[in-house]
Amino acid sequence: MPLWKILKKDEMTKVLLIRGAGNKAFCAGVEVKDHIGDAMPLMMREFGKIFILLKNLGKPSIAVVNGVALGGGCELVAGCDMAIACEKAKLDNRK
């Protein structure tokens, strides 16, 4: 069973925290070359599924930004219900 289905059904889970490992980055997104050509439609479709899952989880999601959030990583922060960022966090959606 996918993790999101387990989280949705688990009554003890009250909130989903999304954070990067370590203290340098939350999420750097994907390489710009992955946004062009034949790979782009599949990449966008799969990335879009994350936001559908967050919306349908039925529990609040919190992005804990402990470093850089670039490109798609910045979009992931925006897709959460709330964000908490440390002083050295950097959010940048420029491609």
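Observations on the structure shown:
- Screening residue 52 on (1) exposed (fewer than 15 other Cβ atoms within 10 Å of the Cβ); (2) farther than 22 Å from residue 5 by Cα shows it passes everything except condition (2).
- The single condition among (1) among the β-branched types (Val, Ile, Thr); (2) modelled with pLDDT under 90; (3) touching a strand residue (DSSP E or B) at 6+ places or on another chain (Cβ under 9 Å) that residue 36 does not meet is (3).
- Taking the numbered list (1) open to solvent by less than 50 Å² (accessible area, probe 1.4 Å); (2) in a strand (DSSP E or B); (3) at pLDDT below 90 in turn, residue 43 passes all entries but (2).
- Positions within segment 58-88 being open to solvent by 30 Å² or more (accessible area, probe 1.4 Å), outside any strand (DSSP E or B) and either within 18 Å of residue 21 (Cβ to Cβ) or hydroxyl-bearing (Ser, Thr, Tyr) (or both), in sequence order: 86, 88
- When residues of segment 6-30 are limited to those that are in a loop (DSSP other than H, G, I, E, B), out of contact with any Gly (no Cβ under 8 Å at 6 or more places or on another chain) and not acidic (Asp, Glu), the one least open to solvent (accessible area, probe 1.4 Å): 13
The values are calculated or read from the model by the stated rules, or taken from the named source; none is laboratory data. Being a predicted model, the structure only gives us computed values, none of them experimental. All Cβ positions, glycine included, derive from the backbone under ideal geometry; neighbour counts span all protein chains shown. SASA here: full protein model, heavy atoms, side chains in, ligands and nucleic acids out. Shrake-Rupley method; radii C 1.70, N 1.55, O 1.52, S 1.80 Å.
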